[in-house]
Amino acid sequence: MKNLFVFISSFLLLCATPLYAQLDSIQQLDEVIINDIRLKDYAEGYKLTNISDTLIKMNSASLTDVLRYNSTIYFKENGYGMVSSASFRGTNASQTAVIWNGISINSNLTGQTDFNTISPTSFSDITIRSGGGSTQYGSGAVGGSIHLNNAISFKKINQNNIRLQYGSFSIFEGNVKTIQSNERMYFDLGVDFISSENDYKYIGLDQKNENGEFSRLNVSANTGFKFKKSALTWNTNYFISDRNFSGSITAPSSDNYKDVSTRNLVSWKTRESKMVSTIKGAHLFERYRYFPDKNKSLFFEGKSNTFLGDYQLDYKINNKLKISSILNYSYIKADGSNVSDNERNTLAAIFLLNHQVTEKLSYGVNLRQEFLNDFDNPFLFAIDSKYEATAWYNLKLNASKNYRVPTFNDLYWDVGGNSALEPETSYQAEIGNIFHWKDFQIDINGFYIASKDLIKWQPSDSGLWMPENISETENYGLEVSGNYFINFKEHLISVNANYSYTSATDKEKDKQLIYVPFHKITGLLNYNFKQFSGYYQILYNGKVFTTTDNNGIVEAYSVSNFGLEYQIKNKLLPIKLGIKINNIFDIYYENVAYRPMPNRNIQTFINFKF
Amino acid sequence: MKRASKIITIKRTVFSEQQVTNLSNSLGHLKLLKKITYLFIATIIFGSCSSDDDVNNERLGDYENGVLVTNEGPFGTGTGTISFYNKETNIVENNIYQNVNNKELGNIVQSMFLTGNLAYIVVNNSNRIVIVNRYTFEEVAIIEEGLNNPRYITISGSKGFVTNWGDPFDNNDDFVAVIDLSINEVVSTIPVSFGPEKIIKRIANNEDKIIVLHQGGYDYNNVISVINRDSNILETEIEVGDVPNSFHRTSDSKLLVMCGGKPDFSGEETQGSIFEINLEDNTTLLKEEFNLGVHPSSLVGDTLNDNLIIYLINGDIHYHFGFDTPDSLIEITEGSFYSLTLHTDIFLNLYASDAGDFNSNGEIKVYSPDTLSEIKSFSVGIIPGGVYFND
């Protein structure tokens, strides 16, 4: 009973944790090391949203689903399980950076992350950082960034978890995780597998989702050693996925797509009185293979290798002032069927400052200058501030200049690549208001983003498609996030909700950008009673335009999921059982035009913890 | 490039002439206008009495007496559409197939063929041919079996011939599908050289031959296939310039074939050219060779009007009279046009389609080659690729 209470209350805490909570991990080598320390140390004026483990498990099939149901980020998914790209505050697919343990893992070839190639259960922490973060995270952190962290904790833990899931469309999911650690050493290993026939019926049509099968395997291991004044950590991740690309209502498909990626990061952190220095080395590899006909051997591929070196010096001048300097070198080499062998060297110098002026007021300054690039080397800045006005009201402000570099595909695609491209740049400003009373918190954020030199592929007069730095956009919007919980006797009820209004205008046409909804709402109602818990998820996605003249649309939809879970009390082997019904009202909806999403379907799981 | 500069000079002359002279005077400079003037007078006379006849004529459907436009539709997912421009009311109705049949036409509406009361719509990515009544647009049948990346169709007698790319990355599986129109099924396939695109029939000799232009698909080809209509046998392949992309029939047995040449990004750029094909003896005659770097397409023409030919270079419309002198160019209309169709009725009307950014509704602009002026324009669907006259 007591365990359950701890479990439930910690869940609620995660849902309701004030987002301005700060981890001061610089000053000592904490028990918990997160390699993405800048995320929390130099982001006081930014909105950070942590997605708890419980929320992740509700939508464990893909990172797309996790974020779609729990944030204001809009996803354009090319049929369920297929290529999925994010639009954060109305920005384009390449303007949301995905940061793995502090390193950007957006593809060097496409500039974006396919959110269906990330296994959400393989991280200890998923945090959404809203707003521009290019000074710290580099190219692509324009609308915001998604931070995937594997925390390494030097506490005594011996924990094993096996979760098996089976459901409609022959979906099978297995997650195995072990954590073994003590005060000196840490090791975890996670294996996540999912496969699905993904052959759901198109509601109201005499068709089903053909050629949509997918499978995915992710293996991650994280290791750490703690010494007297230093710590060594190693994060590693291997990912392989095999997908057929599903057809649509109007066209069949026989395509197949295979992704492979590996990531390795070694970090050495040492502490000298007021200073912490961190040396990092990393290697990232990505490769895709596209088979236009899955039954034939012909394929097109692209691959890239990234080598990173990073030196960071954090210095605490006094209790109120801390600074950090970073030198970051990266070498990228990419080639493929349509991209000749090309490489890129980038050196970035980064300076970060955080000043707690008074107990209530703090501000931060971030600067970044890049060197060695062939294109204009950007100078970027960001300023942010937080003011704790009253016990129940905090104000956050930030403004920044951000960028997105042309990808290897943009520059070197054969045929059409344009080596004269310059980075996209964007200026933005944001006001955040946080209100909290007891068990209720509400965040209201307003943002403005002006972007220019956006890279757009368009047909030239000769009919050849080429990218140009041509588009200009202006985005503004409002985000409201709230959560609330009530607790009476053994009943616990929590509510989370997000609403966003996004206006994103193509300045040339004076029209809303395609695939950016004006309105998006997510909601979660969670109820716990003793060993039972039940939840109801709802997503409302406003209509989106599919053509640049805003004549073509995908209709708005709202889809609901319902889940029940039961914890069997057993000291030796606690087992949890659950069932989830997705799309309970069996509504027809499309996320991308002519690509219906799944009808009502059932997933069941069993979880062993020992 | 030398030629290009010459073109600009000529163009400027034409413009300045137009600016300083009265419109009717400038019309007089054009040889073809003599005929047109007579026709114009004739229309006024006949036009005034023909309206009485119309009353008695029963209308065949809502889509009679107008222009049909095939719109490929957006890349990736989505559906192509067909627009109807009503000549009497000047009103455009988009999505007419969907409006009538309450379903989608399919992905990438490549082309259409009108014959009798029927329209055969080739839907490339959906691997189907949708047959409708051309005046009511009610669906008659759908052919799906036996097609693989269908492109164009021509019909002769009781047979339809459809060019198919097969797997676009495989140069050895391209074919022409033969359809028995009485049962609307593919009854035979004729393997052909890769990238078969436009397909036409020879008029002479009771349409005994079917001619295929091999543009080359994703690759570049340089042949024309001649197929015996009755035996379905590939009789011969005629070599022409690289990338034969369009044709203009000059007589019952002769064709002009526009060859775009390989583009510079192919790595082995070649010149564009125009070939005359004589289908009596399968001989070719090189009529015109373009400078390297110039890649013409969308050839249309009117032989009766002093061998007027019109084509696109880099999206601009070029008007010529025949091949007699290199200075036969009379006009360029600048634009970023996607395709051309010439309506050779009483008046010559040139329908030029503009696909815009390829992800929004396109436009058809109608020009008079006689007066070298824009007559009208109307908005249609996404990527308008073909214009057909449903008279």
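Rule-based calculations on the coordinates, nothing more; no lab input. Note that the coordinates shown come from a computational prediction; the quantities given were computed from them, not determined experimentally. All Cβ positions, glycine included, derive from the backbone under ideal geometry; neighbour counts span all protein chains shown.
Taking the Cα centre of chain A as reference, the dipole from Cβ charges on Lys and Arg (+1) and Asp and Glu (-1) amounts to some 2440 debye. When all alpha-carbon pairs of region B:176-246 are counted, what percent fall beyond 14 Å? Tail fraction, whole percent: 59. Neighbours of A:GLY138, meaning other residues whose beta-carbon lies under 10 angstrom from its beta-carbon, give a summed charge of +1 when Lys and Arg score +1 and Asp and Glu score -1.
For the peptide A:548-561, the mean number of other protein chain Cβ atoms found within 10 angstrom of a residue's Cβ is 2. Return the distance in nm (one decimal) between the two label points of a simple spin-label model at B:ASN205 and B:ASP230, each offset 7 Å from Cα along Cα→Cβ. According to this spin-label approximation, the distance is 1.1 nm. Think of the protein assembly as shown as a dipole: +1 on every Lys or Arg Cβ, -1 on every Asp or Glu Cβ, centred on the Cα centre; then among A:MET185, A:THR425, B:GLY260, A:MET185 lies furthest on the positive end. Rounded to the nearest 5, what % of DSSP beta bridges with both residues in region A:81-165 are antiparallel? Of those bridges, close to 60 percent are antiparallel. For region A:249-315 versus region A:163-225, the spacing of their alpha-carbon centroids is 19 Å. The distance from the alpha carbon centre of region B:73-115 to that of region A:69-128 is 36 Å, rounded to a whole number. Dividing the Cα radius of gyration of the protein assembly as shown by its Kirkwood radius returns 1.03 for Rg/Rh. The value of relative contact order for chain A, using C-alpha pairs under 8 Å at least six residues apart, is 11 percent. Note on A:TYR527 and B:ASN99: the model spin-label points, each 7 Å out from Cα along the C-beta direction, lie 5.1 nm apart. Relative to the 2.2 N^0.38 Å rule of thumb, region A:69-133 has a C-alpha radius of gyration ratio of 1.07.
Helices in the protein assembly as shown, meaning DSSP H runs of at least 4 residues, each add -39500 (n - 2.57). Divided by all residues, the mean residue ellipticity at 222 nm is -3000 deg cm²/dmol. Neighbouring Cβ atoms from other chains, within 10 Å of the Cβ of residues in B:121-131, number 2 on average.
Footprinting exposure proxy ranking of A:ASP374, B:ASP391, A:ASP65, A:ASP206, fewest other C-beta atoms within 10 angstrom first, gives A:ASP206, B:ASP391, A:ASP374, A:ASP65. Computed as a quarter of the hull surface, the mean projected area of the alpha carbon convex hull for region B:244-328 stands at 5.7 nm². What is the sum of charges, Lys and Arg at +1 and Asp and Glu at -1, for the other residues whose Cβ falls under 11 Å from the Cβ of A:PHE115? Once positives and negatives cancel, what remains is -1. Note on A:LYS208 and A:ILE575: with the Förster distance fixed at 41 Å, the Cβ-Cβ geometry gives a FRET efficiency of about 0.75. Each part gets one Cα centre, and for region B:230-302 versus region A:371-407 those centres are 58 Å apart. Packing around the peptides A:111-123, B:108-120, taken as the average count of other Cβ atoms within 10 Å per residue, puts them in this order, highest first: A:111-123, B:108-120. Take each residue in A:451-461, count the other chain C-beta atoms within 10 Å of its C-beta, and the mean is 2. Going 7 Å from the Cα of B:LEU292 toward and past its Cβ, which residues in region B:253-271 have a backbone nitrogen under 20 Å from where you end up? Counting only backbone N, you get B:259-271. Take the Cα of A:LYS507, go 7 Å toward its beta carbon, and the backbone nitrogen atoms of region A:77-94 under 20 Å from that spot belong to A:88-94. In region A:541-603, the C-alpha radius of gyration followed by the widest Cα-Cα span (Dmax) gives 18.3, 62 angstrom.
Placing dummy labels 7 Å off each Cα toward the beta-carbon, the span from B:GLU334 to A:TYR393 is 5.8 nm.
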